[in-house]
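Below is one structure. I have some questions about it.
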Amino acid sequence: MLSIDRSIIDAIVAHARRDHPDEACGVVAGPVGSDTPTRHIPMDNAARSMTFYEFDSMEHLRVWREMDDRDEEPVVIYHSHTATEAYPSRTDVSFAGEPGAHYLLVSTREPDSEEIRSFRIVDGVVAEEPVQVVEAGVDPHAVQSYMFGQSPATVDYECSGR
Amino acid sequence: MAIEVRIPTILRSYTGGAKVVEGTGDTLSDLLADLDSRHGGLRGRLVTETGTLHRFVNVYVNDEDVRFLGALDAKLSDGDSVTILPAVAGGAFGFAAAAAISQHSAAVAAISQHAVAAVARDDRRGAVAAR
């Protein structure tokens, strides 16, 4: 499962909407071994395309070195599909070279609804995982109790069963 | 007399888990041959069967992308640092367009845009690599 803060998801979706109809891409770094995405880094799509994205190779080197210096790793690698569903294409699978990362896909095909899905891609095999969006200021490990009508502290996006 | 080479996670199975290894060579090509003698199979993940640098990796000498330094012919000196990173790329293309192209080979000719054709090639290569 990917657990990620609402503020980071909002920033990723905003980035994807801003670059629409071109695909947007980026990284969320987190401390090595934590599996917790904490630092959102929007990247340039060097391909500037509606159907393809590619990190600029120099920005890629700079950002990866910076993560190394800060004892971080790419916990999430995200990109948008702007006319199709948020599911990895064959191209995405071919390129997926970070076996430890959550590959987050955002579809901006619907202007008003958020479509976010997360995948592990290892050795060419795609496995979808649930996404838990954690609202700011709420300790996800704390026991919460609610009265009817209150908003939940987390939103779970289940796998669609593909 | 050594060149430091930084190995990404996905290729550390070839280096016994080592993040940094050392090698020698006057060019990137020589260096990869040297590394392959101790870390068998590593070169095959970086260089295609036709002897060019693989599309799925970025290789840097110090702060430069080797694609701008002559790729495999890039000159190396003692003390250089070589960094290998898996390219981060993809996109929706493979989904709809590759299916269309497979049904209409004439469509390939119709797509004159270089980048689109390049992705189509990569997609086929990836399909082979993924098996």
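The values are calculated or read from the model by the stated rules, or taken from the named source; none is laboratory data. This is a predicted model, so every value here is computed, not measured. Every residue, glycine as well, gets a Cβ built from its backbone with ideal geometry; the counts of neighbours run over all protein chains shown. SASA here: full protein model, heavy atoms, side chains in, ligands and nucleic acids out. Shrake-Rupley method; radii C 1.70, N 1.55, O 1.52, S 1.80 Å.
With +1 on each Lys and Arg Cβ and -1 on each Asp and Glu Cβ, and nothing else charged, work out how big the dipole of chain A is about its Cα centre, in Debye to the nearest 20.
Values: 13 positive and 30 negative charges, 40 e Å.
Around 200 debye, computed over chain A.
Per residue of chain A, what 222 nm ellipticity follows from adding -39500 (n - 2.57) for every DSSP H run with n ≥ 4, rounded to the nearest 500? Don't skip to the end; give the middle numbers.
Details: 3 runs with 33 residues, N = 162.
Using -39500 (n - 2.57) per qualifying helix, the result is -6000 deg cm²/dmol.
Summarise the partner chain shielding of B:54-66 as one whole number: the mean count of Cβ atoms from other chains within 10 Å of each residue's Cβ. Numbers along the way, then the final one.
On the way: counts 0, 2, 4, 1, 7, 1, 6, 0, 0, 4, 3, 5, 1.
Partner-chain Cβ atoms within 10 Å, mean over residues of B:54-66: 3.
I need the peptides A:100-111, B:5-16 ranked by packing, meaning the mean over residues of other C-beta atoms within 10 angstrom, with the highest value on top. Spell out each step's value before the answer.
Numbers: A:100-111: 19.3, B:5-16: 17.1.
Those peptides, ordered most packed to least, come out A:100-111, B:5-16.
Within 10 Å of each Cβ in A:56-68, how many Cβ atoms from other chains are there, averaged over the peptide? Don't skip to the end; give the middle numbers.
Working: counts 2, 11, 6, 0, 8, 7, 1, 1, 7, 5, 0, 0, 3.
Taking all residues of A:56-68 together, the mean is 4.
Here's something else I'd like to know. Just to confirm, what accessible area per residue do you get for region A:78-138 at 1.4 Å probe, in whole Å²?
Working: 2150 Å² over 61 residues.
Roughly 35 Å² per residue, with all protein chains present.
Can you give the accessible area of residue B:88, probe radius 1.4 Å, in Å² rounded to 10?
Accessible area of residue B:88: about 10 Å².
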